Amino acid sequence: MTKEIIFVILLRKKGDSVVETKKQLSFDNILYSASSICEGNFCYNGEFSRIYSFATENVSSYIDYFNFDNKSLLTVGSSGDQILNAFYNGARDITLFDINEYAKYYVYLKISAILSLSYQEFILFFFKYVVSPFKQNKYIFSKAIFEKMKDNLRLFDYESYLFFDELFSLYEGKQIRDRLFDDDEDRKIVIKGINKYLKDEESYNELKSIIRKISFKYICGDIFEDNIDRKFDNIFLSNLCSTVSLEKLKTLIQKLDKNNLKKDGSILLGYLWNASFNVESYKDDWKDIYKMPIVKEYLKEYITEAHSIAGPRNILWEDNSKSDLVLIYRKK
């Protein structure tokens, strides 16, 4: 294959989705890297890192803090759950931003699966643990189930279809899933609890009806370095805050606030696991964003709300002794 990705604007046959990127990477290069990883070779970097199968944060607990009615959203791509939950909650104008070249392909795979598969088939295909948390689901990335969704995948995004169809022709589904995806996947009860669209069959079918009408834009790049030429009502930074220094985070927030956030817009500044806004002391080896006395002072003009929400521990063991924390900025 010698097909090149069209990097400025690429309109799709269905859904009018748009892809943008600043990197001139051929499709062959992307597929070669994925194949190398499936072969067991270590070749992860900024453009090619492991895919998260599902969100690791409780999206269902914070998404209602944001208004999507006739509003726009810029969000990190990652597992695609942010976009799927946002669509479920009423969003129709979404832009995904991700440095991982594989993120777009996986989002389209999930979209095509929802359109093509029953609720139980979706669970069997995507969930690593279905019956036992200690035994991997034998139907994960089943080729037979993939056959049911690949026609819709081809219609929605041809590159995503080529990517996964080629991998499934070369490798067993389990090999693709184990090597191309991150190991950090929680149990079924948690995944269903943190994703509104997976709560039950009714919710899944509701998103299935919505997904036929969706339209979104995908941008491949580094949100800390690259500029985006439009403004949004809502911006989700997910857990990026835990990967950088407070100085770099503040610089990003200032840039987004000035260039990309509409008047009265909102930013999810950060998602923190097992954290409290009221912590008065910290250990030196903590990540910067967890050092609350410093954070509250350094980001005082941007942290306008802090909400404690249920985390995976609460869902799995009904343990309310610890909560997760979301930090939000409302522009006035």
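The values are calculated or read from the model by the stated rules, or taken from the named source; none is laboratory data. Everything numeric here is computed off the predicted structure, so don't read it as measured data. No Cβ is skipped: glycine too gets one built from the backbone with ideal geometry, and neighbour counts run over all protein chains shown. Note: areas computed on protein heavy atoms with side chains; ligands, DNA, RNA excluded. Shrake-Rupley method; radii C 1.70, N 1.55, O 1.52, S 1.80 Å.
Counting other Cβ atoms within 10 Å of each Cβ, which chymotrypsin sites (Phe, Trp or Tyr not before Pro) in region 126-229 have at most 11 and sit in a DSSP loop? Kindly include the intermediate steps, with their values, before the conclusion.
Working: sites: Phe126, Phe127, Tyr129, Phe134, Tyr139, Phe141, Phe146, Phe156, Tyr158, Tyr161, Phe163, Phe164, Phe168, Tyr171, Phe181, Tyr197, Tyr204, Phe216, Tyr218, Phe224; in loops: Phe127, Tyr129, Phe134, Tyr139, Phe141, Tyr171, Phe224.
Hits after loop and neighbour filter: Phe134.
Using alpha-carbon pairs under 8 Å, 6+ residues apart, how would you state the relative contact order of the chain in percent?
Details: 596 pairs, mean separation 66.4, N = 332.
Reported relative contact order: 20 percent.
If you roll a 1.4 angstrom probe over the protein chains with everything in place, what fraction of the accessible area of region 194-332 belongs to carbon and sulfur, to the nearest %? Don't skip to the answer; put the middle values down first.
On the way: 3100 of 7050 Å².
C and S atoms contribute 44 percent here.
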Quiz item: Pulled fully out, how much extra length does the chain show between Asp284 and Glu172, if you take 0.36 nm times their separation in residues and subtract their Cα-Cα distance?
Solution: 35.8 nm
Quiz item: With charges set only on the Cβ (+1 for Lys and Arg, -1 for Asp and Glu), what does the dipole of the chain come to about its Cα centre, in debye to the nearest 20?
Solution: 620 debye
Practice problem: Determine which aspartates and glutamates satisfy two conditions relative to Lys192: a Cα distance under 14 Å, and not lying fewer than 8 residues away in the same chain. | Solution: Glu57, Asp81, Asp200, Glu201, Glu202
Practice problem: Calculate the radius of gyration of the Cα atoms of region 225-332 to one decimal place, then report Dmax, the largest Cα-Cα distance, as a whole number, both in Å. | Solution: 14.5, 44
Quiz prompt | Members of Lys174/Lys287; Lys255/Lys291; Lys255/Lys283; Lys262/Lys300; Lys250/Lys291; Lys128/Lys248 lying beyond 25 Å, as alpha-carbon distances in this model show | solution = Lys174/Lys287; Lys255/Lys283; Lys128/Lys248
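What number does region 43-107 give for Rg over Rh if you use C-alpha atoms and the Kirkwood radius?
On the way: Rg = 12.5 Å, Rh = 12.4 Å.
Value, to two decimals: 1.00.
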Exercise. Convert 10 °C to kelvin, take the viscosity as 1.306 mPa s, use the Kirkwood radius over C-alpha pairs of region 60-145 as Rh, and evaluate the Stokes-Einstein diffusion coefficient in µm²/s, rounded to a whole number.
Key: 110 µm²/s
Quiz item: With all protein chains present, how much of the accessible area of region 37-192 (probe radius 1.4 Å) comes from carbon and sulfur, to the nearest whole percent?
Solution: 47 percent
Quiz item: If you keep only loop residues by DSSP, which trypsin sites (Lys or Arg not before Pro) in region 82-156 have at most 14 other Cβ atoms within 10 Å of their Cβ?
Solution: Lys135, Lys138
Quiz item: Once the dipole of the chain is set up with Lys and Arg at +1 and Asp and Glu at -1 on Cβ about the Cα centre, which of Ile63, Ile145, Ile214 lies farthest towards its positive end?
Solution: Ile214
Practice problem: Return the single residue from Ile228, Ile83, Ile114 with maximal mean-square fluctuation; model: Gaussian network over the chain, springs between Cα atoms under 10 Å. | Solution: Ile228
Quiz item: Under 16 Å from the 7 Å Cα→Cβ point of Lys250, by amide nitrogen: which residues of region 293-308?
Solution: 293-304
Quiz item: Under a 1.4 Å probe, what is the accessible area of region 175-332 per residue, stated in Å²?
Solution: 50 Å²
Quiz item: Between the DSSP loop rule and a limit of at most 13 other Cβ atoms within 10 Å, which trypsin sites (Lys or Arg not before Pro) in region 241-313 are left?
Solution: Lys283, Lys300
Quiz item: Using a simple spin-label model with points 7 Å from Cα along the Cα→Cβ vector, what separation in nm is obtained for Lys258 and Asn67?
Solution: 2.7 nm
